[in-house]
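Here's the structure, in structure tokens; my notes come after.
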Amino acid sequence: MKAFIVYCHPSGDSLTRNLKDEFVKGIVDSGNEYVLSDLYEMDFKADMTEEEYLRDAYYRSTPEVAADVLAEQEKVNSSDAIVFIYPVFWTEAPAKLVGWFDRVWSYGFAYGNKTMKMLEKGVILCSAGNPADKLEKLGLLRSMKKVMFGDRLFNRVKQKEFVLFAGTSREKESRKGNWDDNLRKAYEKGKTLFLRSEEVFSLDDRYFTSVSNSDDGEVSDQTVFSYHQKGNVIWAEYSGGRIIKGFLLGTIDENNNLHFDYRHINTDGESKSGSCNSEPRPVNGKLRFYEKWKWADGREGSSVIEEL
Ligand SMILES: Cc1cc2nc3c(=O)[nH]c(=O)nc-3n(C[C@H](O)[C@H](O)[C@H](O)COP(=O)(O)O)c2cc1C
């Protein structure tokens with residue numbers, strides 16, 4: 001299998017460059033192949049020409065497409081997966097990568113009567129200076145994901161994954177503190193890229209919110225859960241709605257069912273805790289948790305949590 005990696009960062013002195021190198025090592029170690037477009041090294045031209053604009057704007061499938069665009073389109077069509085690796089710049093991909101989409105996702109290739117191959121997977125490895133909970137709270141992570149999944153990858157890939165490396169600003173302790181873990185994660189993502197999803201079920205860096213809950217529950221559609229996983233240990237931080245701050249910690253069993261204890265402080269200043277058993281099931285392409293929870297005082301309920 002072959003991955004097409006579109007990498008975009010202006011400097012080799014960067015975490016993102018190291019993430020790319022580790023991801024590549026992972027692919028090679030898995031016995032798969034890759035082809036790389038390093039957009040800065042190639043000096044990829046991000047600006048559309050007027051001719052290119054008019055071709056797209058008038059929905060013309062004319063065969064005249066610039067050689068650099070054709071080369072990129074050929075890389076797409078000779079691969080099984082596409083992987084974008086970049087830092088967040090102003091809640092977007094760097095301008096060069098945005099321009100890559102403007103030009104390479106051309107009419108007749110990526111839309112219209114398209115000739116683009118349906119790829120098995122589309123993966124995004126994205127570094128961000130801000131911590132994940134801040135990006136989530138401000139709705140920025142959702143926006144970035146929405147643009148990449150809902151527009152750029154959309155129905156062009158069978159399976160999508162957004163991997164965030166957050167809190168990586170040079171001002172933050174977490175840049176150094178999480179450096180090795182982040183590189184390990186990038187390597188693992190490369191190594192497992194072509195495994196089937198059931199072979200690599202992981203909750204690491206996945207975000208969920210509630211879609212329904214019993215009356216006695218406090219979690220709502222305003223609450224966001226930020227999940228992590230290491231081996232069979234899972235944990236999450238949650239907040240929003242009636243929850244000021246909450247944590248859960250537990251394990252995932254061989255059937256991927258979760259068993260955890262939770263504790264949070266609610267908006268009345270009460271400290272509440274309980275335990276929960278949760279069964280993940282994919283519904284309409286999204287992962288849902290069907291949960292049965294129990295407060296420490298014995299009251300019970302059930303909820304459904306869905307991936308953002
Ligand atoms: C021009 C510019 C804009 C940035 N905008 C954002 C942003 O909107 N949100 C964010 O979380 N980080 C932002 N960052 C931080 C980058 O994402 C940061 O460079 C990266 O996460 C750290 O990794 P690096 O060492 O690979 O650059 C920005 C950085 C630059 C240089």
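Values computed for the structure shown
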| item | result |
| --- | --- |
| Members of Lys75/Lys145; Lys158/Lys294; Lys121/Lys294; Lys25/Lys96; Lys145/Lys185; Lys20/Lys245 lying beyond 28 Å, as alpha-carbon distances in this model show | Lys158/Lys294; Lys121/Lys294; Lys20/Lys245 |
| Cut-off 13 Å, label 7 Å out along Cα→Cβ of Ser275, residues of region 223-264 by amide N | 249-251, 259-262 |
| Percent antiparallel among DSSP beta bridges (both partners in the chain, rounded to 5) | 70 percent |
| Order by protection proxy (mean Cβ within 10 Å, highest first), peptides 44-54, 94-104 | 94-104, 44-54 |
| Full-extension gain in nm, Met118 to Ile244, via 0.36 nm per residue minus C-alpha separation | 41.1 nm |
| Label-point separation, Arg60 to His259 (7 Å along Cα→Cβ), nm | 6.6 nm |
| Rounded FRET efficiency, nearest 0.05, which uses the C-beta distance separating Trp235 from Val28 and R0 of 30 Å | 0.45 |
| Sequence-distant lysines (8 or more away, or on other chains) whose Cα lies within less than 17 Å of Lys172 | Lys134 |
| Distance between region 239-308 and region 28-64 - C-alpha centres, whole angstrom | 44 Å |
| Using alpha carbons only: equivalent-ellipsoid semi-axes of region 80-187, gyration tensor based, whole Å | 28, 15, 12 |
| Packing rank of 248-255, 78-85, where each peptide gets the mean count of other beta carbons within 10 Å, highest leading | 78-85, 248-255 |
| In sequence order, calculated HN-Hα J values of region 214-231 (Karplus, 6.51, -1.76, 1.60; Hz; x Gly/Pro) | 5, 4, 6, x, 10, 7, 9, 6, 8, 9, 10, 9, 10, 8, 9, 8, 9, x |
| Length gained when the stretch Phe201-Lys292 is fully extended (0.36 nm per residue, less Cα-Cα span) | 30.6 nm |
| The chain: projected area of the alpha-carbon convex hull, averaged over directions, in nm² | 17.1 nm² |
| For region 206-307, Kirkwood radius (reciprocal of mean inverse C-alpha pair distance, Å) | 13.5 Å |
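A short reminder: the numbers here are calculations on the coordinates, not readings from a lab. What you are looking at is a predicted structure, and each value in this text was computed from that prediction instead of being measured. Please note: Cβ atoms are built from the backbone with ideal geometry, for glycine as well, and neighbour counts cover all protein chains shown.
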